[in-house]
Amino acid sequence: MDLSLQMQQRQMLSQRMQQSVEILQMNTLALSEYIREMTEENPLLEWKEESAPQQEEMRLLERLQWLQESDEQNRGYYQMEMDSEREREDLRFGKKEAQSLREYLQFQIHLLPITEREKKILTFLAESTEESGYLETGALEAAMQRYQLSQEEAERLLVQMQALDPPGVGARTLIECLQIQLRQKGACPQALEIVEQYLPDVAKNRLAFVAKKLHISMEVMMDALEEIKSCVPKPGSGYANDRPLEYVIPDVFVERRGDELSVHINSHTTPRLYINPSYQKILREDSSKETKDYVAQKLRQAEWTVQCVHRRESTLLETAQQIVAAQKEFFLYPDGCLQPLRMVDVAEWMQVHESTVSRAVKDKYLQCEKGVFALADFFSKAVATDHAEEISVQQIQKRLTELMETEDKRHPLSDRELTEQLTAEGIRISRRTVAKYRENMGIPGASGRKQYGERR
């Protein structure tokens, strides 16, 4: 048995520090719930929401100022605010939501001149339709078993359902979905033949091969493809789904006034936390040691909680201000790109640890004229150039898009040629990285971008 003494140094977070870290990581919604929970646990803590008249007065002043300014982007922000308010009013007063695909199908089935039994079967198939518009796997077989249908009768009812609106609904495969739509449009026979036999080849852009197999010219081939492209691969995509909507509540707002950007925290949705002074009355009326100890304990807990909430707001605000200052071009210009930015850089400017910045931006969102973005998205990796400067990944993706938009569509640039052009511009990047960026943007390779004939 070996007995020895060892000295170790460990960094242990106290319970209070753990609470501070947890509050810093919370987004607006989580913080609101946490504040309400803490007021239930600690009788010295109280919360209140901003008074409606004061809030409405501030909103009115902001709107009047926006309308007086001639900047179109500020007017756009005002319109976005008005649209958001209309959506909130619709939810508040219970206005009718968009119709789902299944509801629309059932409405059409109810109007069909068929028997009640056939309506029940079609309703069953409508209920077995996915949000995309396709029939669920095994739904037709389940209907046959449930309603004692023959194969011929089941197929007849399925055809009747597939004749409903939107075109292509009730299909079991992509090919069947396109066939239904092409037949309803009266498309050329070549389009149907392409869908039935050569759809994988079309996906690989092997158009010359398909035209040779069908013994048709490229002009006929391109006309047939135009008819196929006019079809909707997911006929149910334009209808409301049955899933509840998930809303993102911005934690930070960025407003533009001329060339100046202002950053402020979203405090309207978070209740204000404060310490109820009634504990002083309790101490005056009951001076027992047990009461004093209890109040003192709850007071220390309440003070620390309030302090942590305030520290979270100040840290989040400073972090957002540093991000906006570093990415000013993105917020000021419609085509502005993100600049290279690391969390360690922001941490050095704020004189805090990198983990503090990481926790401050975790699960938090920023709203500006361009939309709502995750705060973490504003940190972009840097790529070295031959000009002693760095550019961001977004800037490289933008340049790749420009190169591919201006290329000869009949002889598109390969990944190697794209790499050579970027290298000639001083951007050090490998062919594999170019291919990765292109795929992340959802752009096919050279063979997939190739066009035939005079069409562009």
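Results, tabulated for the structure shown:
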{"quantity": "Residue count, the stretch 428-443 (criterion: within 14 Å of Leu403 (Cβ to Cβ) and of a type in the set (Ser, Thr, Tyr))", "calculated": "1"}
{"quantity": "Selection from the stretch 119-131 of residues that are open to solvent by less than 30 Å² (accessible area, probe 1.4 Å) and either assigned to a helix (DSSP H, G or I) or among the small types (Gly, Ala, Ser) (or both)", "calculated": "Ile121, Leu122, Leu125, Ala126, Ser128"}
{"quantity": "Wholly enclosed helices (runs of 4 or more DSSP H) of the stretch 136-229 bearing at least 2 residues closer than 20 Å to Ile109 by Cβ", "calculated": "139-147, 151-162, 174-185"}
{"quantity": "The one condition in (1) at pLDDT 90 or above; (2) in contact with a Lys or Arg (Cβ under 6 Å, 6 or more places away or on another chain) that Ser314 fails to fulfil", "calculated": "(2)"}
{"quantity": "Conditions (1) of a type outside the set (Asp, Glu); (2) over 30 Å from Thr319 (Cβ atoms); (3) open to solvent by 30 Å² or more (accessible area, probe 1.4 Å); (4) at pLDDT below 85; number of the one not met by Ser230", "calculated": "(4)"}
{"quantity": "Any hit, the stretch 364-386, residues being over 20 Å from Asp251 (Cα atoms), crowded, with 19+ Cβ neighbours inside 10 Å and not basic (Lys, Arg)", "calculated": "yes"}
{"quantity": "Cβ pairs under 7 Å, 6+ apart, first in the stretch 223-236 and among the small types (Gly, Ala, Ser), second in a helix (DSSP H, G or I) and buried (at least 16 other Cβ atoms within 10 Å of the Cβ)", "calculated": "Ala224/Gln190; Ala224/Ala191; Ala224/Ile194; Gly236/Leu101"}
{"quantity": "Val195 vs. criteria open to solvent by less than 80 Å² (accessible area, probe 1.4 Å) and modelled with pLDDT under 85", "calculated": "no"}
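Condition check ((1) open to solvent by 10 Å² or more (accessible area, probe 1.4 Å); (2) in contact (Cβ under 8 Å) with a residue 60 or more places away in the chain; (3) over 22 Å from Met17 (Cα atoms)) across all residues:
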site	(1), (2), (3)
Gln301	yes, yes, no
Trp304	yes, yes, no
Glu313	yes, no, no
Glu318	yes, no, no
Gln322	yes, no, yes
Trp349	yes, no, yes
Glu354	yes, no, no
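The values are calculated or read from the model by the stated rules, or taken from the named source; none is laboratory data. Just so you know, these numbers come straight off a predicted model, no measurement behind them. When we count neighbours, we look across all protein chains shown, and the Cβ atoms used for this are built from the backbone with ideal geometry, even at glycine. All accessible areas refer to the heavy atoms of the entire protein, side chains included, with ligands and DNA or RNA removed. Shrake-Rupley method; radii C 1.70, N 1.55, O 1.52, S 1.80 Å.
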